[in-house]
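Input: a single structure, listed below in structure tokens.
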Amino acid sequence: MHDTIFAVSSGRPPAAIAVLRISGAGAVAAGEQLAGSLPPPRRAGVRTLHAPDRAILDRALVLHFPAPATATGEDLVELHLHGGRAVVAAVEAALAALPGLRPALPGEFTRRALSNGRIDLLQAQGLADLLAAETEQQRKQAIDSAEGLVSRMVAGWMADCAGVAALIEAAIDFEDEEDVAAADDALLDRTTEALVAALDSVLARPSVERYGEGIRVVLVGPTNAGKSSLFNALLGRDAAIVSAIAGTTRDRVEASVMRRGRIYTLVDTAGLRDETHDPIERIGIDRAIAARAGADVILDLVGLPSSDARSLAVYARADVRPPSSTSDMLETSTTDLASIDRLWSAIEQRGDAVLQSADGPTFHEAQRHLLGSARAALSASIGSSDLLLRAEEVRTASRSLGTLLGVDATEAMLDALFARFCVGK
């Protein structure tokens, strides 16, 4: 049996209210020890909390949630305390003094929810992502996982795998039975190909980690092209030193900005030139070239045509050096905010192409590895005339998908298999 655990589940004090959660078989007894009596289940009640020596700890709102329909699947008691540090510390000390109770470890409430079947692995990961979300895109994706939308999609793929496996297993093991039809290779291939296509569609989307990185925008160009001024204008603040002295920027300068729920990391770089005898400037140029190689969007102030699809040709300082009438570059000026907005619009369009819409399932790299394994196994089974090998490939795919959810795919396969038999068989 698990220990009964407790921890503050709201923000750390000081705060207006601190929600202290107690979970486990001893939660009700612990709540009664402090509050005297608990309100009826799922109803809030005001109680005076007492220490073992009957000293008053706090006057709090108390709720009781009986197992198993709770967040952790265990008995839960919540104490909504006044959120001062001393109040919380006194109540925690009183709880720690009770036998069988201890402070919760990081993530232990969620881990118990997983152990008790209240959530699956994908939902647990989604909750972690939701807590770490910094952008609107990340929040939407985390909600899809935490609320089970992604889990249901994976479960649907597992059900399809189970259906394919059931047909194969039935053909192998019960081909002499009249109520089990022979395997239809064409049907098996069509079903498997549809599964592979569904997995390909998901794998074509960026990973959760890629969304977290956002869009990397690198400004490149010769010295005194106006990169640092443009960098500051795009950020809306002075993050880089700007001067009339050529070569002022000697190293990369990075700063992030949030736009339309997406992170953009802007990188100002040293001015490019073919030759230099200054070893420090050479290092700066090398770093600028490396930054350009890793860019999602390149703001190219070089002034020459570029075949790089990531490049946006920009003519900065248009107010100082009027461009030719034939120029097809984006003209900007730090004194013309409309030109900066137009450049941002062009950057965001490139960003949309790199990071697709947040709508749709998104997986972590480790999860994508499992999806890739499932996809490879299913693909290998298509067209195979060896039913035993085909069955093994489908089982491999089911196991990979089941690992995503933390469930045993074998049970699902058996359920589908025997559901196809007649009653009494």
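The values are calculated or read from the model by the stated rules, or taken from the named source; none is laboratory data. Note that the coordinates shown come from a computational prediction; the quantities given were computed from them, not determined experimentally. Don't worry about glycine lacking a Cβ; one is built from the backbone with ideal geometry, like all the others, and counts go over all protein chains shown. To get the accessible areas, we keep the full protein, side chains included, count just its heavy atoms, and leave off ligands, DNA and RNA. Shrake-Rupley method; radii C 1.70, N 1.55, O 1.52, S 1.80 Å.
Which count do you get for residues in the range 164-176 that are in a helix (DSSP H, G or I) and either basic (K, R) or farther than 19 Å from A376 by Cα (or both)?
Going residue by residue through the range 164-176, those that are in a helix (DSSP H, G or I) are 164-173.
Of the ones still in play, those that are also either basic (K, R) or farther than 19 Å from A376 by Cα (or both) are 166-167, 169-173.
Of the residues in that region, 7 qualify.
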Hey, does the range 188-195 have a residue that's open to solvent by less than 10 Å² (accessible area, probe 1.4 Å) and modelled with pLDDT of 90 or more? yes
Residues within the range 59-97 that are closer than 13 Å to A18 by Cβ, open to solvent by 40 Å² or more (accessible area, probe 1.4 Å) and more than 32 Å from the chain's Cα centre (by Cα), tallied: 6
Would you check which residues across the range 212-247 are within 30 Å of the chain's Cα centre (by Cα), at positive phi and crowded, with 20+ Cβ neighbours inside 10 Å and list them? G214
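Would you be able to tell me the number of residues in the range 260-275 that are open to solvent by less than 70 Å² (accessible area, probe 1.4 Å) and of a type in the set (D, E, K, R)?
2
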Considering each residue of the range 382-398, count those that are polar (S, T, N, Q) and closer than 11 Å to A165 by Cα, and give that number. 2
Let me spell it out: the conditions are (1) touching a Leu at 6+ places or on another chain (Cβ under 8 Å); (2) surrounded by fewer than 23 Cβ atoms within 10 Å (Cβ to Cβ); (3) not polar (S, T, N, Q), and L167 meets all of them except one. Which number is the exception? (2)
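Residues checked against (1) under 25 Å from S379 (Cβ atoms); (2) in contact with a Pro (Cβ under 8 Å, 6 or more places away or on another chain); (3) at pLDDT below 85; (4) open to solvent by 20 Å² or more (accessible area, probe 1.4 Å):
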{"residue": "A133", "(1), (2), (3), (4)": "no, no, no, yes"}
{"residue": "Q141", "(1), (2), (3), (4)": "no, no, no, no"}
{"residue": "G148", "(1), (2), (3), (4)": "no, no, no, no"}
{"residue": "R152", "(1), (2), (3), (4)": "yes, no, no, yes"}
{"residue": "A155", "(1), (2), (3), (4)": "yes, no, no, yes"}
{"residue": "A162", "(1), (2), (3), (4)": "yes, no, no, no"}
{"residue": "E178", "(1), (2), (3), (4)": "no, no, yes, yes"}
{"residue": "R210", "(1), (2), (3), (4)": "yes, no, no, yes"}
Starting from residues that are closer than 10 Å to V77 by Cβ and either in contact (Cβ under 8 Å) with a residue 60 or more places away in the chain or exposed (fewer than 13 other Cβ atoms within 10 Å of the Cβ) (or both), keep the ones in the range 30-54 and report whichever is nearest to the chain's Cα centre (by Cα). A30
Among L95, L101, L122, which is in contact with a strand residue (DSSP E or B) (Cβ under 9 Å, 6 or more places away or on another chain), in contact (Cβ under 8 Å) with a residue 60 or more places away in the chain and farther than 15 Å from H2 by Cβ? L95
Out of (1) among the basic types (K, R); (2) in a helix (DSSP H, G or I); (3) in contact (Cβ under 8 Å) with a residue 40 or more places away in the chain, what's the single condition that is false for R190? (3)
Hey, does the range 273-295 have a residue that's in contact with a helix residue (DSSP H, G or I) (Cβ under 7 Å, 6 or more places away or on another chain), outside any loop (DSSP other than H, G, I, E, B) and of a type in the set (V, I, T)? no
Scan the range 333-350 and give yes if some residue there is part of a loop (DSSP other than H, G, I, E, B) and either open to solvent by 50 Å² or more (accessible area, probe 1.4 Å) or among the hydrophobic types (A, V, I, L, M, F, W, C) (or both), otherwise no. yes
Quick count over the range 248-259, residues being charged (D, E, K, R) and either part of a strand (DSSP E or B) or buried (at least 21 other Cβ atoms within 10 Å of the Cβ) (or both), is 2
Pairs, please: C-beta under 8 Å, at least 6 apart or cross-chain, first residue within 17 Å of E193 (Cβ to Cβ) and in the range 355-379, second among the small types (G, A, S)? L371/S400; A374/A397; A374/S398; A374/S400; R375/A397; A377/A397; A377/S400; L378/A397
